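Data block below; observations after.
Nothing in this text is a laboratory measurement; each read-out follows from the coordinates by a stated rule. Quick caveat, the model's predicted, so the values are computed rather than measured. Positions of Cβ are generated from backbone atoms using ideal geometry, with glycine treated the same way; all protein chains shown enter the neighbour counts.
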Amino acid sequence: MRWGDADALNHLNNTLYFRMMEEARMQILYGAGLDLPADQGAILAHASCDFLRPVVYPATVRVTHVLKRIGRSSMELELVLEKVGDDSGPYARGRNVL
């Protein structure tokens, strides 16, 4: 989390949860060696987030993806956002369908 990611109450701005999910997702796809033609790519068909408690600056956030389902043309992922060094549970849970 960067200092500028916080809102007036020093909480991580809600839009940044989705940015963190996006960055983690892209690192997974590129790290897996996914090689799509230049004119094609994965489409994010669904993105949701349940905000469980605020992330407060300073923080390092870990985004964990769990593959829940693979279909004919889609896959569903569950996501958990946790603060590194805090074992008290997740700060947010999300769901993506690609």
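Taking Cβ atoms as reference points and 12 Å as the exclusive limit, the residues near Ser88 contribute a net charge of -1, counting Lys and Arg as +1 and Asp and Glu as -1.
The alpha-carbon atoms of the chain define a convex hull whose volume equals 117 cubic angstrom per residue. Sites counted here are trypsin sites (Lys or Arg not before Pro) in a DSSP loop (not H, G, I, E or B) having no more than 14 other Cβ atoms within 10 Å; the longest part of the chain that contains none of them is 3-71.
Work out the FRET efficiency for Asp7 and Arg69 from their Cβ-Cβ distance, taking R0 = 25 Å, and round it to the nearest 0.05. It comes out at approximately 0.15.
Normalised by the number of residues in the chain, the average gap of Cα pairs under 8 Å and 6 or more apart makes the relative contact order 30 percent. Under the criterion of Cα pairs below 8 Å and six or more residues apart, the relative contact order for segment 4-61 equals 56 percent. Working note: Karplus 6.51/-1.76/1.60 with θ = phi - 60° gives segment 2-14 the couplings 8, 4, x, 7, 8, 8, 5, 9, 6, 8, 4, 4, 4 Hz, where Gly and Pro are set to x. In the chain, helices alone account for a calculated mean residue ellipticity at 222 nm of -6000 deg cm²/dmol, with every DSSP H run of four or more residues adding -39,500 (n - 2.57).
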